[in-house]
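Asks: I have a structure here, written as structure tokens, and I will follow up with some questions on it.
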Amino acid sequence: MAGLSLPALAGCGGTPPTGSAPIYPPVSASRHAVPGLDAVIDISHNVTVTDFAAVRRSKILAVLHKVTEGGDWFDPSYTSRRRQAEAAGLLWGGYHFGTRQYSGEKQAAAFLSACQPGPTTVMALDLEPNERNPRNTMTLPQAEEFVLAVQRATGRLPMVYSHPAWANGEVYGRRLFLA
């Protein structure tokens, strides 16, 4: 699997400090459970995965796979990889890369139609600058529309992830992005 760096995964499987309540519901043990790192990896069709069972044996707990981008692009490897990853005992999730050219609601509809989330599927919005086309970066109002549309359709809020500097309004990368 390309692009996986152990230093980037450090600390992902830690336990909360004594006396603090967990901020997430615990994952039930399954026959595939492997103790250890319990990291989550983010992949798309651009990442080569030859064996999801080997991914799980390396103490990765879950895969968050790209599903859609904008309102009209669907990752061609999402469905087949989902079956392989779940068969290997990995938890599964899908993410949408938000863009500006479609409303947040239309992007959510495209995402949900392809993601086909079940009750344990993690859903996420990747909200970050569009480096290939900065003017096509999703706006905050579009992101809010996306999140609310997913919640209306599923009864659950999707996770939103972004680069912390950009989310805090700082210049990110080599360009100034218009969000």
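Residue-by-condition table, conditions (1) modelled with pLDDT of 95 or more; (2) assigned to a helix (DSSP H, G or I); (3) in contact with a Pro (Cβ under 8 Å, 6 or more places away or on another chain):
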{"site": "94", "(1), (2), (3)": "yes, no, yes"}
{"site": "109", "(1), (2), (3)": "yes, yes, no"}
{"site": "117", "(1), (2), (3)": "yes, no, no"}
{"site": "120", "(1), (2), (3)": "no, no, no"}
{"site": "124", "(1), (2), (3)": "yes, no, yes"}
{"site": "128", "(1), (2), (3)": "no, no, no"}
{"site": "145", "(1), (2), (3)": "yes, yes, no"}
{"site": "148", "(1), (2), (3)": "yes, yes, no"}
{"site": "165", "(1), (2), (3)": "no, yes, no"}
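Asks: Taking residue 63, is it closer than 15 Å to residue 38 by Cβ and crowded, with 18+ Cβ neighbours inside 10 Å?
Replies: Spelling it out, residue 63 is indeed closer than 15 Å to residue 38 by Cβ and crowded, with 18+ Cβ neighbours inside 10 Å.
Asks: Another question about this same structure. Confirm whether residue 156 is basic (Lys, Arg), without any contact (Cβ under 8 Å) to a residue 40 or more places away in the chain and outside any strand (DSSP E or B).
Replies: In short, yes.
Asks: Filter segment 124-142 for residues that are buried (at least 19 other Cβ atoms within 10 Å of the Cβ) and among the hydrophobic types (A, V, I, L, M, F, W, C) and give the result.
Replies: 124, 125, 127, 138
Asks: Count, please, the residues in segment 37-61 that happen to be more than 16 Å from residue 97 (Cβ to Cβ), part of a loop (DSSP other than H, G, I, E, B) and either in contact with a Lys or Arg (Cβ under 8 Å, 6 or more places away or on another chain) or among the acidic types (Asp, Glu) (or both).
Replies: Residues that pass the stated criteria total 4.
Asks: Is it the case that residue 100 is under 25 Å from residue 49 (Cα atoms) and of a type in the set (Lys, Arg)?
Replies: Criteria not met by residue 100.
Asks: Which condition number in (1) surrounded by fewer than 17 Cβ atoms within 10 Å (Cβ to Cβ); (2) in contact with a Leu (Cβ under 6 Å, 6 or more places away or on another chain) is the one that residue 93 fails?
Replies: With (1) surrounded by fewer than 17 Cβ atoms within 10 Å (Cβ to Cβ); (2) in contact with a Leu (Cβ under 6 Å, 6 or more places away or on another chain) applied to residue 93, the lone miss is (1).
The values are calculated or read from the model by the stated rules, or taken from the named source; none is laboratory data. As the structure is a prediction and not an experimental result, all values here were calculated from the model. As a convention, Cβ positions derive from the backbone with ideal geometry for all residues, glycine included, and neighbour counts pool all protein chains shown.
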